[in-house]
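The structure appears below as structure tokens.
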Amino acid sequence: MKGIDDKLKKLTRRVRLAKAVRGVAIGALFGAAIAVVLAVLDRLGVYYTNWPVIIACCAGGSLLGFVIGFALKVSRLDLADSVDRRLGFKNRLRTALESRGEGEFDQAVLADAEARLEGANGRTAFPLKFSKWHAGAVFGVAIAATLFLLSNSPIFLSDEAKKERAELQKTADQVRRVAKPILDPKNNPGELERELAERLEKLAKDMEKGRMTKKEALIKANELSKTADELAKNRMANAEKMTLDAQTALERMTKEQLEKAGLTEEDLANAKQTKERLTAKENALQSEIDKLKKELEKTGLSGAERNQLESELKQAQKDQLDIKLSKEVLEFLDRLHNMPEFKELMELASKLQQSAGEAKEGKQPTQEEIDEMIKQLEELAEKLKDEESLREFIEQLKKALAECKGGTCSSPALIALLSMLGGNGGRSQDNFYSGTDQVNKNKDEQDIKATTESHAVRGERAEQGEETHIEISGPSSPGERSKTPYTNVLPKYQKSAERAIDRQKIPKSQQKRVREYFESLSGGKGK
Amino acid sequence: MTAEQSSEWFRSKFEEIRTAIGGVIVGQREVVEGVLMGLAANGHVLLEGMPGLGKTLLVRSLAQAVDLSSGRIQFTPDLMPADVTGTNILSQSDSGERRFEFRRGPIFTNVLLADEINRATPKTQSALLEAMQERFVTAAGIRHQLEEPFMVMATQNPIEQEGTYPLPEAQLDRFFLKLIVPYPSREELANIVTRTTGSEMQSVPSVANREDVLRMRDIVREVAVAQNVLDFALSIVLSTQPHPENPIAMRCLRYGSSPRGAQSVVTAAKIYALLDGRYNVAKEDILRASKASLRHRIGLSFEAEADAMSADTVLDRVIENVQQADKDPISV
């Protein structure tokens, strides 16, 4: 029996190896199936993937299959059964393993099986072959790779489409940069911000994968810009309300304290005089208390007289205590209101409220401004850390500032992005030539009764031959008021055009025309 | 005697008997082998074939070869059970005393040929039942033991012939094997005619005796059967039972094999293993033994009969199904 066991151990190792090789194929097939699903999802634009993921699926499946195949337990009886079948042992080995050595034939069965097993070769019994699983795995990997390649490779695109895709891919990085700060936990992103960030991410991926045209990207970015603008407005409104609430709460606290001390806001305003008045009153009460105490020390007072004096003394002492309390409250509030940090804090709150209010009207504070305010608030918070009464107020202001910051991180960036794409967030170099005669030259904002229209034009830029550009004509936000005065944006674009001329990005034949155009807009003040 | 010696002795003895019978019986190698298997397995054999194919000669030859007594009953529609088992008759002694005495019927022999068993009425056929299974005959309340070895070899004509009574299922189940006796080939027929019409009559030498037969039966029992081989045999037998899990049996069979069928398959397979020089049963032995062991234990459905299917055809399909389900446990 020992001989059979030893030989079976050797065969077990061979079976493990063969199973591992088969496991590689099965694992690769399953991995390829997942890769095919991912490639299809990628093609449909539901879930984007990339080459490393596709390769990882197939390789990971193979590795997992190898490990599982090698680790799977091989039953002794199953192995014997399999060897019997594969080497034509006519069930000798399995019968021998089950033999208990009690019957007349049992020893003969064992000896017979052992003799057969002597010449057994693991390689013959369990050859490492290219099975249908291997064929399936190769086929699956090929399908996954082909599907992914067809969806993502630009080899089947025209030169023009290739260029457009390359441009969109470059812009996709910018879109990602816009989306990233929105999700920054410091900006306390809400559900809507997250949704916006997800849509931006999707847009970036769509652009990166070339699953949309430049025109579609523009339209999408325009929609997102509008959403971001609305979100920013909501944020700012929230910030304004929070600041206002915090200020109201602080005022209410002051009022309550004053009422408790029997004082008015006027008393607090004239703190010095009030304090003197209270001190005089306190001294008068002290004299009266002393007088009453002396009266009580006299002998020969009747019971009723004594009671009367004691009652008066108590009342005088109570009044004195009240005055003491009023003085304390007055001193506290006076000190607080005269602290330079408090004044600074109140100024900051007003500034914040004003900025938030203005933002609702479209004049959003810049990131730098908000960061500055945050920095200032943090410094004040550090200085006023011992002031218990201001702690809640400071916290409220911090929240309001965070709200402001969250609001400013998406909208301007998106508008910049639109500009980069050549959309209505700002006029790009690509569509400088369009609609020059309809440009609004007024300095003040006004309603523009125009509808947004987009169409493609072909033109030449530098010496690169013809290109297609998407041109969108219409107001900043369709149906709304124009927010940016014309004179504010003109220098920026003029500079941009000059830069383009300097860098030879505009054909020489057209350079003069560009200059003339800007000169006409600025009334001949151009370069 | 060691296992190797026992096995070798069995094989040579079996071969000797077969050769001895082969001196008289021309061809019919499988039938002879089946009959000898029945003898070695302590079972009875049902031979189905047309008259004149040498069935009676086979029985007589077998009895001569193993030096055992043989008897023959020609079953006819008017044969009574007592004609088979024997009967009590009133006898008078020399002193004038009268008493009932049991007169033993032809069943009291070692090898009994029940010729054309399906020509007798079911009542008479049933008279063989107790004897075949219990090795006893009961007459007038007294049990009479039959001498070992006892073997019934029944012959029957195909039941489509007129004037036949199909054997009851209970009785069919008691036959170890059912062998189909085919017509001889042209060469075999020529050989038969030459032998039987010439001046020289062939005789069968006695190459074994009663003890040898009993020893052969003991050796057969020693052959080992692995669990998976047994499972394989049971799968075949169970697949003959009409059940939703067995679609072939559901469609083609009215009833399937009894547990005796499984016993027969495994015992026959053990003999095949010994004849192949092995000490263990292989699945190949089970496959070889299945048809002869099971063909008389299954009842064809009307649908199968309408499709002109035979028991062997159905069994072929059942076996094929079981073989397909019997996969290598290690697939690499």
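The values are calculated or read from the model by the stated rules, or taken from the named source; none is laboratory data. Treat the numbers as computed from the prediction; the structure is a model and nothing was measured. Positions of Cβ are generated from backbone atoms using ideal geometry, with glycine treated the same way; all protein chains shown enter the neighbour counts. Areas reflect the complete protein model, heavy atoms only, side chains present, ligands, DNA and RNA absent. Shrake-Rupley method; radii C 1.70, N 1.55, O 1.52, S 1.80 Å.
Each part gets one Cα centre, and for the range A:136-208 versus the range B:173-187 those centres are 79 Å apart.
Scattering from the C-alpha atoms of the range A:13-66 alone, worked out with Debye: what is log10 I(q)/I(0) at q = 0.27 1/Å? Taking Cα atoms of the range A:13-66 as identical point scatterers yields -0.89.
Between A:Ala284 and A:Lys255, the C-beta separation translates, for a Förster distance of 41 Å, into a calculated FRET efficiency of about 0.90. Taken one residue at a time, the phi angles of the range B:96-113 give Karplus couplings (6.51, -1.76, 1.60, θ = phi - 60°) of x, 7, 10, 7, 7, 10, 7, 9, 5, x, x, 5, 7, 7, 8, 10, 10, 9 Hz. Gly and Pro are set to x. Distance between the 7 Å Cα→Cβ label points at B:Ser126 and B:Arg186: 5.0 nm. Beta-bridge orientation, the protein assembly as shown: approximately 55 percent antiparallel, per DSSP, counting only bridges with both partners inside. Rolling a 1.4 Å probe over the protein heavy atoms of the protein assembly as shown, with every protein chain left in place, gives an accessible area that is 52 percent carbon and sulfur. Buried between A and B is an accessible area of approximately 2400 Å², summed over both sides with a 1.4 Å probe. The residues of the range A:88-127 listed by number as losing at least 50 Å² of accessible area in the complex, against the isolated chain and with a 1.4 Å probe, are A:Lys90, A:Asn91, A:Thr95, A:Glu104, A:Phe105, A:Ala108. State the Cα centre-to-centre distance between the range A:71-113 and the range A:279-322 in whole Å. After rounding, the separation between the Cα centres reads 118 Å.
Here's the picture: charge each Lys and Arg Cβ at +1 and each Asp and Glu Cβ at -1 in the protein assembly as shown, and of A:Thr279, A:Ser311, B:Gly163 the one pushed furthest to the positive end of that dipole is B:Gly163. For the listed residue pairs A:Lys205/A:Lys375; A:Lys241/A:Lys343; A:Lys255/A:Lys281; A:Lys186/A:Lys327; A:Lys73/A:Lys132, the alpha carbons are over 32 angstrom apart in A:Lys205/A:Lys375; A:Lys186/A:Lys327.
Summarising the amide proton neighbourhood of B:Leu300: residues at separation of 5 or more, or on other chains, whose placed amide H is nearer than 5 Å comprise B:Arg254. Over the residues of the protein assembly as shown, the helix contribution to mean residue ellipticity at 222 nm works out to -20500 deg cm²/dmol, using -39500 (n - 2.57) for each DSSP H run of at least 4.
Here the Karplus relation 6.51 cos²θ - 1.76 cosθ + 1.60, evaluated at θ = phi - 60°, turns the backbone of the range A:332-338 into coupling constants of 5, 5, 4, 4, 4, 5, 8 Hz, with x for every Gly and Pro.
Within the range B:1-137, the proportion of C-alpha pairs whose separation exceeds 25 Å stands at 39%. Shielding value for B:273-285 is 5, the average number of Cβ atoms from other chains within 10 Å of each residue's Cβ. Peptide packing for A:40-52, B:54-66, B:115-127 was compared via the average number of neighbouring C-beta atoms within 10 Å per residue; ordered from the highest value, the list is B:54-66, B:115-127, A:40-52.
For chain B, a Gaussian network of Cα nodes joined below 10 Å ranks B:Leu315, B:Leu189, B:Leu253 by mean-square fluctuation, and the top entry is B:Leu189. Expressed as a whole number of Å, what is the distance separating the alpha-carbon centroids of the range A:229-275 and the range B:59-90? Value for the Cα centre distance between the two parts: 128 Å. Amide hydrogen proximity for B:Ser257: with H placed 1.01 Å from N in the peptide plane, the residues at 5 or more positions away or on another chain lying under 5 Å are B:Thr240, B:Gln241. Rounded to two decimals, the Cα-based Rg/Rh of the range B:158-222, with Kirkwood Rh, is 1.11. A Förster distance of 56 Å, applied to the separation of the beta-carbon atoms of A:Gln169 and A:Lys351, puts the FRET efficiency at 0.85.
Amide hydrogen proximity for B:His144: with H placed 1.01 Å from N in the peptide plane, the residues at 5 or more positions away or on another chain lying under 5 Å are B:Val137, B:Thr138, B:Ala139. Pairs of C-alpha atoms in the protein assembly as shown farther apart than 53 Å represent 57 percent of all such pairs. Qualifying GluC sites (Glu not before Pro) in the range B:244-332, where qualification requires a DSSP coil assignment and no more than 10 other C-beta atoms within 10 Å, comprise B:Glu245. Distance distribution note for chain B: the fraction of Cα pairs above 29 angstrom is 43%. Using only Cα positions of the range B:60-148, each an equal point scatterer, no hydration layer, compute I(q)/I(0) via Debye at q = 0.21, 0.22, 0.25 Å⁻¹ and quote the log10 values to two decimals. Ignoring solvent entirely, the Cα scatterers give -1.02, -1.08, -1.24. For the range A:115-146, the residues whose backbone nitrogen is under 18 Å from a point 7 Å from the Cα of A:Leu44, taken along Cα to Cβ, are A:144-145. Restricting everything to alpha-carbon atoms, can you work out Rg to Rh for the range A:201-263 with a Kirkwood hydrodynamic radius? My calculation of the ratio gives 1.52.
In this label model, A:Arg499 and A:Asp184 are separated by 2.3 nm, measuring between points 7 Å along each Cα→Cβ vector. To the nearest 0.05, how large is the calculated FRET efficiency for A:Lys73 and B:Ala82 if R₀ is 51 Å and r is the Cβ-Cβ distance? For R0 = 51 Å, the calculated efficiency reads 0.15. In loop segments of the range A:49-157 as defined by DSSP, the trypsin sites (Lys or Arg not before Pro) with at most 12 further C-beta atoms inside 10 Å of their C-beta are A:Lys73, A:Arg100, A:Lys129.
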